[in-house]
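One structure below.
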Amino acid sequence: MNSIYHFFKEIYKLRNNFLIDEKLENFPFPNDMISCVNRGSFPDLAIKLNSGRSLFTGGELIELKDSDSYNVSSFNSTIPTGKKEISKIIKGENSSIKRQMETAGDDINSLEVREIFYLVRGKRNDNRKVVLVHGSFFETVGYSSLISSSFSQVFEEMLIQSNIKISDDIKKLITQLKSEQENFSKVREVEKASVKLRFRIMTEVNAEGNILNTEKYPEIQDNTINFILPKHSEKELKTFQEKFEYVFDGNSRKAFTSIDLKHHYNGYFRVYQAKLI
């Protein structure tokens with residue numbers, strides 16, 4: 001069986017490896033449940049799909065975030081999100097991701113929208129924090145609104161510096177423009193220019209979005225491994241509990257503490273926490 005729950009169970013078994021000062025990408029991940037390894041761009045890992053799926057679909061996408069401090073490292077490849085259409089990730093017949101998934105036996109388009117998770121490790125002196133967290137923890141504003149609002153701020157600053165006034169209708173139009181990250185990642189060619197230009201969006205978490213921040217999220221203790229899921233309804237929580245209890249039997253569940261963590265902007269999340277050492 002393949003799922004993010006089974007993946008968490010396997011890395012929990014090997015949790016002592018998180019204490020080693022090796023790159024996170026060198027962790028001995030369970031290759032038998034991984035359909036794609038894509039170092040250097042999103043996603044770093046993908047869980048195989050389950051062909052006869054009921055409770056577990058599989059297919060989750062995972063990004064690795066390693067840090068030498070208690071700050072989540074910046075998101076260089078994609079703006080963090082909780083879900084993403086697989087069609088926006090596998091592009092073209094020559095896509096390495098697509099080829100790997102097909103070789104692993106995935107019927108890729110049978111699950112069009114994929115859940116996104118981030119495996120984050122932070123270090124402070126001899127202490128470690130490890131979290132496998134759903135991407136919605138970082139997505140409190142949709143990425144389209146995030147991009148358009150950010151560029152609207154740039155535009156406003158340019159107007160102030162230039163002492164130019166425009167109508168409120170024009171300002172409203174600019175803030176409502178639909179912005180997709182793909183629009184900025186395209187290579188742009190300028191006539192007679194000997195170089196091409198591609199804009200790159202880098203995303204950094206603030207204190208309220210930093211799950212490793214001890215002051216903001218004291219529930220995430222030193223030397224613990226944590227599985228963090230959105231708890232935005234009782235139905236959602238019931239589903240998570242059912243899946244967690246299916247994968248972890250009564251004895252193995254005793255190692256975990258269940259915590260309801262309040263996000264500063266995005267409601268409650270359920271944390272399953274165990275000691276790392």
| Subset of region 85-113 [within 19 Å of the chain's Cα centre (by Cα), closer than 11 Å to Gly59 by Cβ and buried (at least 17 other Cβ atoms within 10 Å of the Cβ)] | Ile86, Leu111
| message | Can you say whether Ile11 is in contact with a helix residue (DSSP H, G or I) (Cβ under 7 Å, 6 or more places away or on another chain) and not hydroxyl-bearing (Ser, Thr, Tyr), as far as the supplied structure shows? | response | no
| Those residues of region 242-260 which are within 21 Å of the chain's Cα centre (by Cα) and in a helix (DSSP H, G or I), in sequence order | Lys243, Phe244
| field | Members of region 81-95 found to be at pLDDT 85 or above and of a type outside the set (S, T, N, Q), listed by number | value | Gly82, Lys83, Lys84, Glu85, Ile86, Lys88, Ile89, Ile90
| task | Find all pairs meeting these conditions: Cβ atoms under 6 angstrom apart; at least six residues apart or on different chains; first residue within region 28-55 and at negative phi; second residue hydroxyl-bearing (Ser, Thr, Tyr) and assigned to a loop (DSSP other than H, G, I, E, B). | result | Ser41/Ser77; Phe42/Ser77; Phe42/Thr78
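Does Asn2 count as part of a loop (DSSP other than H, G, I, E, B) and either more than 25 Å from Glu139 (Cα to Cα) or of a type outside the set (A, V, I, L, M, F, W, C) (or both)?
Taking the combined requirement at face value, the residue satisfies it.
The values are calculated or read from the model by the stated rules, or taken from the named source; none is laboratory data. These numbers were taken from a predicted model, which means no experiment stands behind them. No Cβ is skipped: glycine too gets one built from the backbone with ideal geometry, and neighbour counts run over all protein chains shown.
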